[in-house]
Amino acid sequence: MKTPSRAQSATSLPKAPRDDADSRFTKYMVMMGIRIACFIAMAVITPYGWYTFVFAAGAIFLPYLAVIVANVGQDAAPTTAINPERAIDAPRAAAPTPAPAADEPLVIRIAESPRLAPPRDDRS
């Protein structure tokens, strides 16, 4: 059984499958809309000239390109993991604290704030 070496970072997670499918569908529909516009422009715009062939090429080749773009999934652009510990700058101390002498014991003091009383309900 394979055990992961470290926890998954939220910044390295891939896009959700539904969001990925929605973006690919949107790209496909935009390209197909451009294809329909090319087809209509090819048939309607007169006099026919060199641009008619450009519209015809768009109407012919855009479906192929749209399918290729729609089928390219998340694997096409791998994302690199960002270590969240490295992304946050540590606060800098104003002055370094003096190191204790060799014969002096190291003491760590923890002080707690006083406990506050719960709020009273004065609706009675």
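Against the list (1) surrounded by fewer than 10 Cβ atoms within 10 Å (Cβ to Cβ); (2) small (Gly, Ala, Ser); (3) at pLDDT 75 or above; (4) under 40 Å from the mean Cα position of the chain (by Cα), the condition ALA95 fails is (3).
The single residue among ASP20, ASP75 that is part of a helix (DSSP H, G or I), at pLDDT below 90, among the acidic types (Asp, Glu) and surrounded by 10 or more Cβ atoms within 10 Å (Cβ to Cβ) turns out to be ASP20. Just to be sure, is ARG6 at pLDDT below 90, in a helix (DSSP H, G or I) and under 27 Å from the mean Cα position of the chain (by Cα)? Against the criterion (at pLDDT below 90, in a helix (DSSP H, G or I) and under 27 Å from the mean Cα position of the chain (by Cα)), ARG6 does not qualify. Note on the stretch 100-124: residues that are at pLDDT 70 or above and either of a type in the set (A, V, I, L, M) or surrounded by 10 or more Cβ atoms within 10 Å (Cβ to Cβ) (or both) amount to 9.
The values are calculated or read from the model by the stated rules, or taken from the named source; none is laboratory data. Values in this document were obtained by computation on a predicted structure and should not be read as measured data. Every residue, glycine as well, gets a Cβ built from its backbone with ideal geometry; the counts of neighbours run over all protein chains shown.
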